[in-house]
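Below is one structure, written out as C-alpha cells, with a few remarks after it.
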Amino acid sequence: MSNSRGAYRSPEHIPLLDPIDDFGDMSGQPAYPFPEEPVGDLEAHDKTQIVQKSTWKGRIWDTFDRPPLERKLLLKVDAVILTFASIKNLDQQNTNTAFLSGMKEDLNMYGNELVTSTSIWTVGYVIGQIPANLLLTRIEPRWVIPTLELGWGIATLGSYAVKSFKSLYALRFLVGLFESGFYPGIHYLLGSWYTPAEIGKRAMIFWLAGSLGQMFSGFLQSAAYNNLSGIHGIAGWRWLFIIDAIITLPIAIFGFFFFPPLPLQDKKSWWLTEDEFELARTRLQKIGRAGRKPWSWKKLKNLFLSWHTYFLPLLYVIWNNQWPQPAIGYWLKSFNSKTNPPVPGKTYTVSQINLLPLPQTAIFVVCAASFAWLSDGVFRGRRWPFVYIGAVYSLMIAAIMRTFPLYKNINTTFALYYISQIGQGAGPLILTFINELCSDDTEKRALLVAAANDLAYVVQAVAPNFVWKTTDFPRAKKGWTWSLVLNILLIVWMTAILLLIRRDNKRRRQDESEGSSQGDLHERYDGKDLDSVDGSQPATSGLTFENNRTTVLH
C-alpha cells in the first residue's frame, strides 16, 4: 500500500454549494449534490481517480457505492454496532407490557405506581449518563458498554422475582443506572465512526431497534402469557423478564470481544486490518472529527462560553418531553372496567391488549426511517427540516386528542391512535445534529450528547407525575395539552438555533476572507479569535478549510 493515504478523497469530499442560496448557512449542515463517486481501494486512489455514478442501491444503503475497502470496513462496523442496537429498549418496554398483562393486579399497582417506577428508573438513568459518556473518551468502549449491559441483564433477571412494587422500584433504579451509558454512548460511538452521509441512517436504526423491541416485547409477552403462564409456578408476565435476561447476557459477553474502538484515540480491534483501521481514521479526519485531548482551563472556558452547551441539549429535551405517553393500551384496557364500562358488552383479552397497539409502532417505524433516509439523501445532510415537520404534525395530533370522543366510533379511534406517532422521528437526527456540530472536540461532543439525553430524562422523571398521570388515562387531557405546548416551543427553539448557526457561518466567512488576505486563517466564534490549528475552534458540521478554500466533507 502507498504511504500517501492522507491523499485519499472520500466519496463525500465535494465542493460546498453557495451556502446562502441552498440554506446550508441556515442549518449548519452542508448541502451537497449526489456525487460522482470514486471506486477502488486506497492504493487505486493514490494512482488515479476512477469515477462511478451513484447507483439506486447506494441511495438505499450507502455502502453499495463505496470503494471495496471502505465497503468491507463499514460492513464489519455495522454488523457489530447494529447488533448491539437491536436490543435497545427491550427492557424499557417490558415493564409497561407486564403491567398490562397481570403485574398490576399481582403487585397491587392500582394508583400511580407504574409512573413512579418509571421515574425511579429515570433517576438511575440520569445519574450515570454523563459520567459514562465521558468515560468513553478515556477508556475503550469494549470495556465500558458491555460491562453496563452485563449489569443491566442481571438486574432485569432479578425483576422476575419481585413480590411488591417496592422491590420493583429498587430493581428499576439499578436497571436505569446500568442502562444509562448505552444510548448516549452508542450515539457518541456513531459520531466517532461515520460520516454525515451515513450517520443519520445508523442513528435511526439504533433508535428504531427500541421500537422494534417494543413490538417484539408485545409478541413475546403474548406468547409468554399464553404458553408459559403457570409453568414452574411463574406468572406469564414474570417470564418476560427472564427471557429478556437470557437474550441480553450473551450479547453483553459478546461485546467484550467484538465492540469496536474509537478510531482516532484507541488501538485497532483484532477483527480490523491495519488498512481498514487507517481508512477509518482518514475518513474521520477528512470530516473534521477530533480525537482525545487533555482537559484544560481553556477547554473548559470555551465549553462554557459556547452557545452549543446551552441550546443544543435543550433542543433534545424539548423534543423528548413533547412525546405523548402511549395511550392506546390504557384505552383498550378501559373497555374491561368492571364499573361503568364505556361500551357495555365490548371487552378485549390480554393478548389483544398486547397485540392491537402494534400497528401504531409499525407505522411509526416506517415513517421515522423515512426521516433518516431523506435526511442523509435527498435533503443532503440537513437535519432541521424534520424537527419542523414532526413538531407541526405532533401539535395537530395533540390538539385533536385533547377533545376527541374516544368511544363514539371505535374504528376511527383506532385509526387516530395508529397515525398519532408519525411525526415523532426527529430525535436521533437531533443527536446526530449535535454530533456533527461538535465534530472538532470529542469531549464536548460526548458531553453534549449525554447532557441532551440526561436532561431530557430529568424532565421526564418529574413531568409525567403531573401531566401524564396513570389515573388520567385514557383521556389524559393534561398530557395532550403539555405535548401541544412543547411542540410549539420546539419550533421556536429550532429557529433560534438556526439563526445562531447562520450568525456563526457569516462570521466564519468574514474571517476566512480576512485570513486569506493575511495568509493566516483564523476563525471567529462568539466574539473570540481561536486558532484553527489547536482544535479548540467550534465546528460547523462537515466544514473544513483546505488551502484557504472552503470545502464540504459529507
What single numbered condition from (1) part of a helix (DSSP H, G or I); (2) in contact with a Phe, Trp or Tyr (Cβ under 8 Å, 6 or more places away or on another chain) fails to hold for Gln325?
-> (1)
Inside region 239-250, can you point out the residues that are over 22 Å from Thr83 (Cβ atoms) and out of contact with any Leu (no Cβ under 9 Å at 6 or more places or on another chain)?
-> none
Cβ pairs under 7 Å, 6+ apart, first in region 125-145 and closer than 17 Å to Val458 by Cα, second among the acidic types (Asp, Glu) | Tyr125/Glu179; Val126/Asp454; Gln129/Asp454; Ile130/Asp454
Matching residues in region 41-82 (open to solvent by less than 60 Å² (accessible area, probe 1.4 Å), out of contact with any helix residue (DSSP H, G or I) (no Cβ under 7 Å at 6 or more places or on another chain), modelled with pLDDT under 85 and of a type outside the set (A, V, I, L, M, F, W, C)) number 1
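Would you confirm, using the coordinates I've provided, whether Phe241 is in the same structural domain as Thr83 (by the TED database) and surrounded by fewer than 22 Cβ atoms within 10 Å (Cβ to Cβ)? Don't jump to the end; show me each part of the working.
Details: in the same structural domain as Thr83 (by the TED database): yes; surrounded by fewer than 22 Cβ atoms within 10 Å (Cβ to Cβ): no.
So Phe241 does not fit the description; no.
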Of the criteria (1) outside any loop (DSSP other than H, G, I, E, B); (2) surrounded by fewer than 16 Cβ atoms within 10 Å (Cβ to Cβ), which one Leu249 fails | (2)
What are the residues in region 281-313 that are in a loop (DSSP other than H, G, I, E, B), open to solvent by 40 Å² or more (accessible area, probe 1.4 Å) and in contact with an Asp or Glu (Cβ under 8 Å, 6 or more places away or on another chain), if any?
-> Arg292, Lys293, Trp295
Name the pairs: first residue in region 492-504 and of a type in the set (Phe, Trp, Tyr), second residue part of a helix (DSSP H, G or I), Cβ to Cβ under 7 Å, at least 6 apart or on different chains?
-> Trp493/Leu314; Trp493/Leu315; Trp493/Ile318
Could you count how many residues in region 363-384 are within 18 Å of the chain's Cα centre (by Cα) and either of a type in the set (D, E, K, R) or surrounded by fewer than 16 Cβ atoms within 10 Å (Cβ to Cβ) (or both)?
-> 5
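In the set Thr471, Thr495, which member is polar (S, T, N, Q) and within 25 Å of Trp121 (Cβ to Cβ)?
Thr471
The values are calculated or read from the model by the stated rules, or taken from the named source; none is laboratory data. Bear in mind the structure is a predicted one, so any value in this text is a computation, not a measurement. So basically every Cβ, Gly included, is an ideal-geometry build from the backbone, and we count neighbours across all protein chains shown. SASA here: full protein model, heavy atoms, side chains in, ligands and nucleic acids out. Shrake-Rupley method; radii C 1.70, N 1.55, O 1.52, S 1.80 Å.
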